[in-house]
Amino acid sequence: MSDIEVLLPDGSTRTLSDGATALDLATQIGPRLAKDALAAVVDGELTDLETPLFNGATVSIVTPKSDLGREVLRHSSAHVLAQAVTRLWPGAKYAIGPAIDDGFYYDFDLPGGVHFSDDDLERIDEEMRAIVKEDQPFIRSEYSVVDGLALFADQPYKVEIINAVLANATPEDLAEVASPSVVSTYSNSPAFVDLCRGPHVPSTSHLGHFKLTRVAGAYWRGDEKRPQLQRIYGTAWESEEALAAHLHQLEEAELRDHRRLGQELDLFSFPTEIGPGLGVFHPKGGTMRRIMEDYSRARHVAGGYEFVYTPHITKADLFEVSGHLEWFAEGMYPPMELDDGQKYYLKPMNCPFHTLIYKARQRSYRELPLRLFEFGSVYRYEKSGVVHGFTRVRGMTMDDAHIFCTREQMTDEIKSLLEFVLDLLRDYGLTEFHLELSTRPPGKAVGTDEEWEEATATLAQVAGSAGLQLTLDEGGGAFYGPKISVQAKDAIGRTHQLSTIQLDFQTPQRFEASYIGADNARHQPIMIHRALFGSVERFMAVLIEHYAGNMPTWLSPEQVRVLGVKDAHDDYAFDVASALRLEGVRVGLDEASEPLGARIRRAKLEKIPYIVVVGDDDVRSGTLGINARGSNDPERGVTLSEFRDRLLSEIASHGSPEVN
RNA sequence: GCCUGGGUAGCUCAGUCGGUAGAGCAACGCAUUCGUAAUGCGUAGGUCAGGAGUUCGAAUCUCCUCUCAGGCUCCA
């Protein structure tokens, strides 16, 4: 028997006897590795440990504490979930069960149309732990398509997957089988066989650090028109500590939920009397929003924008010309019908209105680019199940602008616009971005192929030269044009879609907008739609979550609260507050009717950047005690002028007390 | 829109087997005057989301509607 030689990731080589598997390799390297090993990567292909190696192969062993390892154990956990469900509900049909970020899920169709309830999760969890204890090996088998179809004769979803792969293999389908001509399965006991490409952990005993999290409905193959299956979600990790850390992180995320902080900090609410997805801003949230908007306005003035205002409703005609009634009607509120039979719609977008402003008179090429800006409130009829705090609403205000320019100007205009966007977002404290390019939505778009190609190529060129990571969102554009969207990463690593920049050849055409060029001829302008916050409400929600409610000083509704130690100090406290207010600082005063500790506690819970405490010493020497947010170590004896200078410079630089 | 689970005082929540409503915080009043995260006592506050039904009797059981959360689909 001849030997084979394999290459390890560190560049070294190992000699093994012919027919040796990845597990044999791991064993040869060390018993610890053999014990930990879950799978292997052979020449870039993720595969089972049982896979025989061949001469010259590059092999790495996959262990639990790696992304690949976690993916394998999550995928295997999904199989155990399915096995547990088929034990508890004999006759259950199982559909697909992949690994996802942080966990896994599996979709089921229970006999008699039964649905899982939350209580079932506990039973399933117990059954899964029993299976783990049974230490069942995952055994791979391969069948012909015919045999595969016979094997899964009583599993209609599996049959559908096999047939779909035969007909037209999508990457999603291929995840479930080996290749279009070979049906691969894994069984971890004779009683449970699943269609799967693999690989899997050697046996169920490698699993166990999991938690089933929720049950949800999910459409078969993600299609609203197909039957809805019962999905169970779980999370799984390589160790109890990693699982606990993940659960802890979820709790942390919950603490910064803007809906919760909006309530706790008295910023805004969603009165049920008004309706779903329609929020109101309380004075503190209103202050925060006003500051956000004012700063944006100032930047837009500097950026050459002109400010316009337009109504919230319009005759149907306008949206017929724009194409919204043809392409966007299901996102619009139903019309109001007036006595004379005229239909009026609430506006879901501002662009047609701005186009009419453009068209209000003859335009010259000398006016272009013409940049029209509006904090425009729009209303969209979102499906009832999708509204979510201020991140998905039915009424919102966009920091919307439409730029009319010539075809020659558009590339430069988009380039400088992208810089403007990123610069502005950084001023609000977001620093990590990537871009997404959304292309023509198939079957839902107006305009010629050439126009779409030119617009998409222009955006791609600008996005590519921005030096940021660029991802492609195939078919995600608006009906009138492709778009670049700016995705920002927040403090706990989540990404949020914020700004969108859309290039539109269609609207000017539909409205017959034109300008007179230097050649004294009529030309059609190009239109750029752009919103930097996206919606003001949502941007505020993102910032609140990013900062966990600890807003930088310039955005805090109350920047300083002054407390007298006892009521003999209230006059001095008032003077301090007045002096700061003269400088434009938002200052609150909490008089000494309660113990100092209680007032400090309340101010801390309100996340006010600076608590100023004044007592006898301060009255005597004209100083302050400063208790900054994020610190439990107050500074004593600071002069008013020193504090004022520090505070004003922090506000001007958009800083926070935490980072000083 | 669909699936699962919720809705009890301003907020967070308890309420057993169907027997007529409870706490903490907040609010209000009185007292307390205090140097860095909760002073004490008292008062008031509820058509138990809304409607219908079952029952001698419903926060509790059934149905419908509204609404919230987590998913799916869709999306800024």
statement: Note: among A:VAL165, A:VAL132, just one is over 33 Å from the mean Cα position of the chain (by Cα) and farther than 19 Å from A:GLN230 by Cβ, namely A:VAL132
query: Can you tell me which of A:GLY655, A:GLY622 is at negative phi, more than 9 Å from RNA strand B (Cβ to nearest atom), in contact with a helix residue (DSSP H, G or I) (Cβ under 8 Å, 6 or more places away or on another chain) and of a type in the set (Gly, Ala, Ser)?
result: A:GLY655
task: Quickly run through segment A:546-559 and pick out the residues that are in contact with a Leu (Cβ under 8 Å, 6 or more places away or on another chain) and either part of a loop (DSSP other than H, G, I, E, B) or within 17 Å of A:ARG494 (Cβ to Cβ) (or both).
output: A:HIS546, A:ALA548, A:GLY549, A:MET551, A:PRO557, A:GLN559
message: Six or more apart or on different chains, Cβ atoms under 6 Å: show the pairs whose first residue is in segment A:448-471 and polar (S, T, N, Q) and whose second is assigned to a helix (DSSP H, G or I) and at pLDDT 90 or above.
response: A:THR458/A:THR411
statement: By residue number, the members of segment A:211-222 that are outside any helix (DSSP H, G or I), closer than 21 Å to A:ALA164 by Cα and either more than 7 Å from RNA strand B (Cβ to nearest atom) or in contact (Cβ under 8 Å) with a residue 60 or more places away in the chain (or both) are A:ALA218
message: Exactly one of these conditions fails for A:GLU45: (1) under 22 Å from A:GLU142 (Cα atoms); (2) in contact with a Pro (Cβ under 8 Å, 6 or more places away or on another chain); (3) acidic (Asp, Glu). Give me its number.
response: (2)
field: Wholly enclosed helices (runs of 4 or more DSSP H) of segment A:6-115 bearing at least 2 residues surrounded by 22 or more Cβ atoms within 10 Å (Cβ to Cβ)
entry: A:22-29, A:67-88
- prompt: Hey, does segment A:134-144 have a residue that's touching a helix residue (DSSP H, G or I) at 6+ places or on another chain (Cβ under 9 Å) and farther than 30 Å from A:LEU33 by Cα?
  reply: yes
statement: Of the candidates A:SER621, A:SER556, A:SER578, A:SER641, the one satisfying the condition of being among the hydroxyl-bearing types (Ser, Thr, Tyr), modelled with pLDDT of 95 or more and more than 28 Å from A:HIS282 (Cα to Cα) is A:SER641
message: For segment A:424-446, give me each residue that is touching a residue at least 60 places away in the same chain (Cβ under 8 Å) and not hydrophobic (A, V, I, L, M, F, W, C).
response: A:ASP427, A:TYR428, A:GLY429, A:HIS434, A:GLU436, A:LYS444
task: For A:LEU372, state whether it is more than 30 Å from A:SER653 (Cβ to Cβ), modelled with pLDDT of 95 or more, surrounded by 19 or more Cβ atoms within 10 Å (Cβ to Cβ) and in contact with a helix residue (DSSP H, G or I) (Cβ under 8 Å, 6 or more places away or on another chain).
output: yes
message: Looking only at segment A:502-525, how many residues end up being part of a strand (DSSP E or B) and at pLDDT 95 or above?
response: 4
Single residue of segment A:588-610 satisfying the filter (within 19 Å of A:GLY262 (Cα to Cα) and touching a Lys or Arg at 6+ places or on another chain (Cβ under 6 Å)) that is nearest to RNA strand B (Cβ to nearest atom): A:ALA603
- prompt: Which is within 16 Å of RNA strand B (Cβ to nearest atom), surrounded by fewer than 14 Cβ atoms within 10 Å (Cβ to Cβ) and under 30 Å from A:PHE268 (Cβ atoms), of A:VAL301, A:VAL280?
  reply: A:VAL280
message: Conditions first: (1) part of a helix (DSSP H, G or I); (2) surrounded by fewer than 17 Cβ atoms within 10 Å (Cβ to Cβ). A:MET128 passes all but one, so which condition is the exception?
response: (2)
task: Tell me, yes or no, whether segment A:409-420 has at least one residue that is within 13 Å of RNA strand B (Cβ to nearest atom), surrounded by 15 or more Cβ atoms within 10 Å (Cβ to Cβ) and over 27 Å from A:ASN520 (Cα atoms).
output: no
message: If a residue must be surrounded by fewer than 19 Cβ atoms within 10 Å (Cβ to Cβ) and of a type outside the set (Gly, Ala, Ser), how many such residues does segment A:432-444 contain?
response: 5
message: Take A:LEU250 and tell me if it is within 25 Å of A:LEU543 (Cα to Cα) and among the hydrophobic types (A, V, I, L, M, F, W, C).
response: yes
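So that you can scan it fast, the table gives a plain yes or no per residue for (1) surrounded by 22 or more Cβ atoms within 10 Å (Cβ to Cβ); (2) within 16 Å of RNA strand B (Cβ to nearest atom); (3) part of a loop (DSSP other than H, G, I, E, B):
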position: A:LEU430; (1), (2), (3): no, yes, yes
position: A:VAL446; (1), (2), (3): no, yes, yes
position: A:GLN461; (1), (2), (3): no, no, no
position: A:GLN497; (1), (2), (3): no, yes, no
position: A:THR500; (1), (2), (3): no, yes, no
- prompt: Based on what the data block shows, is A:PHE390 within 22 Å of the chain's Cα centre (by Cα), more than 7 Å from RNA strand B (Cβ to nearest atom) and over 18 Å from A:GLU330 (Cβ atoms)?
  reply: yes
task: Could you list, in sequence order, all residues of segment A:257-277 that are under 15 Å from A:TYR547 (Cα atoms) and within 12 Å of RNA strand B (Cβ to nearest atom)?
output: A:ASP257, A:HIS258, A:ARG259, A:ARG260, A:LEU261, A:GLY262, A:GLU264, A:LEU265
- request: Give A:THR287, A:THR204 a once-over and let me know the one that is within 30 Å of A:LYS604 (Cα to Cα), away from RNA strand B (no atom under 14 Å from the Cβ) and not acidic (Asp, Glu).
  value: A:THR287
Sole residue being surrounded by 15 or more Cβ atoms within 10 Å (Cβ to Cβ), hydrophobic (A, V, I, L, M, F, W, C) and within 6 Å of RNA strand B (Cβ to nearest atom), chosen from A:VAL613, A:VAL638, A:VAL585: A:VAL613
- prompt: Could you say whether any residue in segment A:275-291 is over 23 Å from the mean Cα position of the chain (by Cα), of a type in the set (D, E, K, R) and at pLDDT below 90?
  reply: no
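The values are calculated or read from the model by the stated rules, or taken from the named source; none is laboratory data. This structure is a prediction, so every number in the text was calculated from the model and none was measured. Every residue, glycine as well, gets a Cβ built from its backbone with ideal geometry; the counts of neighbours run over all protein chains shown.
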